[in-house]
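Provided herewith is a single structure, encoded as structure tokens, for subsequent inquiry.
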Amino acid sequence: MLYRALVLLAGTAGTAQAQSLDDAIFMDKRVLCAGLVYTREQWTDYWEGTLKRDNGNIGTVTTQQAAFMTAYGVTGRLNVIASLPYVSTRASQGVLQGQSGSQDLSVGVKYNALSTPLTSAGTLNVIGVASFSVPTSDYTADFYPMSIGSRSKRATGRALLSFQAHNGIYVNASGAYTRRGNVTLERPAYYTDGQLFLSNEVQMPDVRDMMLTVGYQRRGLVVPVTFTQQRTLGGGDIRRQDMPFVSNRMNFSRLDARVQYTLPRLPGVVLHAGGSRILDGRNVGQSTTAMVGLLLAGKL
Amino acid sequence: MRITTRRFARRVTAASVLAAGALLTSCDKSITDLEPLPPLAAASVDATAGNWQMIVMTSPSQVAVAAPTAVTSDAYKAELAAIKVAQASLTSAQRAKIDYWAGGGVLRWNQVLRGLVAKYNLPPAPRADGSYVFPDANNPFGDPAFPFANPPYAARAYSYIAVAQYEALKAAWHYKYQYNRASPAKVDAGIRALVPVSDLPSYPSEDAVLAGVTVAMLQTLFPAALEEATTRGADQREAALLSGKATSTDLAAGLALGRAVATLVLARMTTDGTGNAIGNATLWAAMADSARARGETPWLSLEAPVRPPMLPLFGNVRTWSMTAAEVVAVRPAAPYPTASAEMKADLAEVRRTTEKLTNEQRAIAQKWNDGAGTYTPPGHWNDIAADHIRDAQFSEVRAARAFALLNMAMHDASVACWEAKFRYFNPRPSQLDPAIRTDIGLPNFPAYPSGHSTFSAAASDVLGYLFPSESANFRAMADEAGMSRLYGGIHYRKDIEEGKAHGDRVAAFTLRFAQSDRAP
């Protein structure tokens with residue numbers, strides 16, 4: 001049944017492209033896109049505060065993620081996007097139990113507020129994105145680095161400027177602010193950021209990020225290269241030889257490259273592949289990520 | 001159709017902007033770091049506490065406290081005048097100190113101590129060559145910091161600070177009722193009582209006694225925290241003066257008494273055998289050889305790089321209410337032999353449990369994890385006790401008795417448990433079955449019997465004695481704390497059952513003392 005529906009979608013597709021909450025791609029009106037993206041992230045070195053180290057009690061930590069993603073063009077300028085990943089972690093050494101489960105459902109609205117020719121070279125788009133995410137299962141946030149997520153409710157607002165040249169080159173610059181809700185632990189006290197908190201509630205510092213993308217887009221091919229810088233606006237460092245904690249100040253700079261290809265003979269089928277590498281960080285692993293995805297799109 | 005879509009689009013946009021705005025600007029997320037403590041208005045002044053049984057001191061008057069000047073003297077009147085001047089221009093910082101310490105000195109210092117344990121409960125990091133350096137009391141700010149406040153170290157620290165406070169307060173009570181100098185707010189109507197002031201005589205000041213004794217104990221137990229502790233002690237004394245509880249001579253006498261009592265208690269603490277608890281590589285190897293000679297698989301550190309066991313000779317440390325022979329006498333019988341069918345069945349249960357762990361079981365394992373970086377299992381039980389002591393509105397001296405009894409029992413449990421652990425040198429489940437993965441950190445010392453179970457049974461027995469109406473509740477907590485170790489994948493059921501029974505036997509010694517200490 002599902003298969004038939006997807007084939008039907010594919011069969012009636014116009015020009016389809018996958019999209020996410022931080023790019024400038026929009027589905028046409030009444031076009032639905034849905035699919036799966038698989039991501040595999042690995043790190044051996046991590047930053048304990050600002051000290052880079054490895055740890056024989058975890059070895060290499062691998063996080064695998066299979067996300068269901070969907071996007072819908074309410075209009076050509078207003079899209080609704082949702083995703084829900086299933087996440088699984090494991091450590092190559094030591095005794096710590098890997099964790100797995102359905103992680104956070106995120107739903108966002110992306111709106112192209114302004115689209116105007118800028119010089120004769122191309123078009124400038126001004127885009128706003130509002131999104132939310134909520135945990136969908138009882139996974140634990142109190143077992144970093146094995147936890148699959150923070151269990152924090154999040155609301156993100158992103159402003160994105162995109163210049164798309166007629167020759168296919170495009171540049172996106174965006175900034176986002178994420179408000180994170182407090183997290184509740186099972187234990188009655190925890191130590192972080194230089195003090196003991198006699199509470200089971202953890203204040204989650206907010207997060208901001210900036211992204212700069214340079215890409216090329218021609219026919220069914222999109223190739224973006226993105227530099228991301230995330231800053232957590234508070235939180236403590238991992239102490240010497242301590243475990244990480246959910247509200248740590250997790251910062252990173254990352255370089256990410258992707259290829260997105262729409263099959264010429266099957267215009268509703270979009271293939272995705274990419275990889276990323278953390279260049280620098282604080283209280284995070286220096287991860288290398290590979291991803292592949294298959295999305296089907298079609299007009300309803 | 002087009003209009004409908006546009007309207008829909010507008011609504012979606014408006015709704016999401018509103019919702020995002022609401023979430024972005026709503027609720028204050030800030031968490032207060034401390035449990036709230038209402039101003040202490042003691043249910044009883046416990047006027048007889050100067051006659052309660054001493055533990056380290058030979059008598060409540062072992063440290064002499066000179067008689068105060070008469071309340072009619074000019075010198076005393078000048079002290080009262082100084083309080084009035086200070087009260088006339090209180091700063092917000094001074095008011096904050098008064099409010100903080102109004103919650104009760106014993107309860108506040110217990111919170112501070114739990115924070116210090118959590119801060120210093122981190123194992124040394126390995127060096128590049130795979131070796132470990134032991135913390136050095138003479139270099140407390142180094143890497144590793146001193147101390148590594150692991151569960152035995154913490155149990156001992158909680159107990160020595162609680163006992164020192166209890167001894168100092170009993171001595172203070174003795175002199176308070178010998179000299180009977182009323183508190184300034186009672187003597188002079190011009191001095192406001194900014195906290196509940198009772199009929200308890202104020203010379204020597206119980207706040208200054210607590211500041212003096214606690215800072216002196218912390219200086220040895222957590223030397224790197226001396227500056228923080230000294231500041232807190234000064235704040236406590238300032239708050240007592242500003243709130244109309246004590247004059248400067250009440251404070252001076254209390255501070256001197258507290259420090260002198262600490263000297264007596266430290267003399268016991270620094271010769272209790274903890275300095276030899278680490279042992280050396282030859283002694284560790286002998287423990288493994290002894291297990292092999294009995295036909296057992298000896299415990300191995302599963303850390304990488306392999307880490308020396310945690311305080312393997314802590315079982316020789318001096319206890320509070322037991323003799324060394326009694327520690328041996330109450331030792332649990334040997335665990336199941338590592339090759340036995342019973343052990344295989346227990347091992348299989350750990351594997352089965354961890355492989356099919358429910359969310360509820362995981363929550364219990366985390367609730368009682370109390371591992372590295374936390375205030376440890378004894379700290380968790382101090383946390384539980386603090387709520388009950390607060391709600392019962394115990395006087396300072398009775399609160400100190402409660403923490404002393406609780407922590408004496410847990411220190412004895414810690415010594416007895418470590419004695420048994422290193423005698424039997426029994427492997428952890430993940431050593432016998434590497435497929436067993438743990439949902440909490442794996443402690444770096446032998447399994448049998450379970451330390452958390454021993455601590456928890458002993459603690460629940462003492463708290464059940466102090467708060468009889470809650471005793472079933474405390475026992476249920478101890479049972480849950482014990483089972484949390486099976487859910488976490490770090491203990492066999494046998495470790496937990498024998499650990500709890502062991503904790504009960506140890507606590508009986510503390511309770512025997514408590515029942516005859518003349519505290520009504």
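The values are calculated or read from the model by the stated rules, or taken from the named source; none is laboratory data. The structure presented is a predicted model; accordingly, all values stated were derived computationally and were not measured. A quick note on method: Cβ atoms are made from the backbone with ideal geometry, for glycine too, and the neighbour counts reach across all protein chains shown.
Within segment A:157-192, how many residues are more than 8 Å from chain B (Cβ to nearest Cβ), surrounded by 19 or more Cβ atoms within 10 Å (Cβ to Cβ) and not hydroxyl-bearing (Ser, Thr, Tyr)?
Final tally of qualifying residues: 7.
Can you give me the number of residues within segment A:246-270 that are more than 22 Å from A:Thr156 (Cα to Cα) and either at pLDDT 95 or above or not aliphatic (A, V, I, L, M) (or both)?
Total meeting the criteria: 10.
Further question: Quick one: A:Arg90 ticks every box in (1) within 21 Å of the chain's Cα centre (by Cα); (2) part of a loop (DSSP other than H, G, I, E, B); (3) within 11 Å of another protein chain (Cβ to nearest Cβ); (4) under 22 Å from A:Asn57 (Cβ atoms) except a single one, so which number is it?
(2)
Output yes when any residue across segment B:157-164 is buried (at least 20 other Cβ atoms within 10 Å of the Cβ), touching a Phe, Trp or Tyr at 6+ places or on another chain (Cβ under 8 Å) and closer than 24 Å to B:Leu302 by Cα, and no when none is.
The answer is no, given that none of the residues of segment B:157-164 is buried (at least 20 other Cβ atoms within 10 Å of the Cβ), touching a Phe, Trp or Tyr at 6+ places or on another chain (Cβ under 8 Å) and closer than 24 Å to B:Leu302 by Cα.
On to the next question. Hey, which of the strands (runs of 3 or more DSSP E) in segment A:94-196, taking only ones fully inside, have at least 2 residues that are closer than 22 Å to A:Thr63 by Cα?
Output list reads A:100-102, A:104-118, A:122-135.
Which one of these does B:Asp370 not meet: (1) within 14 Å of the chain's Cα centre (by Cα); (2) part of a helix (DSSP H, G or I); (3) not hydrophobic (A, V, I, L, M, F, W, C)?
Answer for B:Asp370: the failing condition is (2).
Let me ask you something else. Name the helices (runs of 4 or more DSSP H) wholly inside segment B:421-520 in which the number of residues that are within 18 Å of B:Pro151 (Cβ to Cβ) and at pLDDT 95 or above is 3 or more.
Those helices (runs of 4 or more DSSP H) span B:451-466, B:471-487, B:493-515.
Determine which member of the set A:Ser120, A:Ser131 is at pLDDT below 95 and of a type outside the set (Val, Ile, Thr).
Details: A:Ser131 fails: at pLDDT below 95.
The match here is A:Ser120.
Which residue, of B:Gln87, B:Gln53, is over 30 Å from A:Leu198 (Cβ atoms) and loosely packed, with under 15 Cβ neighbours inside 10 Å?
B:Gln53
Please pick out the residue among A:Asn283, A:Asn251 that is touching a residue at least 12 places away in the same chain (Cβ under 8 Å), more than 15 Å from A:Gln42 (Cβ to Cβ) and crowded, with 21+ Cβ neighbours inside 10 Å.
Going through A:Asn283, A:Asn251 in turn, just one is touching a residue at least 12 places away in the same chain (Cβ under 8 Å), more than 15 Å from A:Gln42 (Cβ to Cβ) and crowded, with 21+ Cβ neighbours inside 10 Å: A:Asn283.
Listed residues B:Asp387, B:Asp383; which is out of contact with any strand residue (DSSP E or B) (no Cβ under 9 Å at 6 or more places or on another chain), within 29 Å of B:Ser205 (Cβ to Cβ) and within 8 Å of chain A (Cβ to nearest Cβ)?
The unique qualifying residue is B:Asp383.
Let me ask something else. Can you name every one of the strands (runs of 3 or more DSSP E) wholly within segment A:42-87 that holds 3 or more residues which are within 21 Å of the chain's Cα centre (by Cα) and buried (at least 20 other Cβ atoms within 10 Å of the Cβ)?
Once the strands (runs of 3 or more DSSP E) in segment A:42-87 are filtered for at least 3 residues that are within 21 Å of the chain's Cα centre (by Cα) and buried (at least 20 other Cβ atoms within 10 Å of the Cβ), what remains is A:61-75.
Is it the case that A:Arg277 is free of Cβ contacts under 8 Å to residues at least 12 places away in the same chain, out of contact with any Phe, Trp or Tyr (no Cβ under 8 Å at 6 or more places or on another chain) and surrounded by fewer than 16 Cβ atoms within 10 Å (Cβ to Cβ)?
On the way: free of Cβ contacts under 8 Å to residues at least 12 places away in the same chain: no; out of contact with any Phe, Trp or Tyr (no Cβ under 8 Å at 6 or more places or on another chain): yes; surrounded by fewer than 16 Cβ atoms within 10 Å (Cβ to Cβ): yes.
In short, no.
Since B:Asp46 meets every condition but one in (1) surrounded by fewer than 14 Cβ atoms within 10 Å (Cβ to Cβ); (2) in contact with a Ser or Thr (Cβ under 8 Å, 6 or more places away or on another chain); (3) closer than 19 Å to B:Ile389 by Cβ, which condition does it not meet?
Condition (1) is where B:Asp46 drops out.
Further question on the same structure: Just give me the residues in segment B:56-71 being surrounded by 13 or more Cβ atoms within 10 Å (Cβ to Cβ) and either more than 26 Å from the chain's Cα centre (by Cα) or among the acidic types (Asp, Glu) (or both), in sequence order.
B:Ser61, B:Gln62, B:Val63, B:Val65, B:Pro68, B:Thr69, B:Val71
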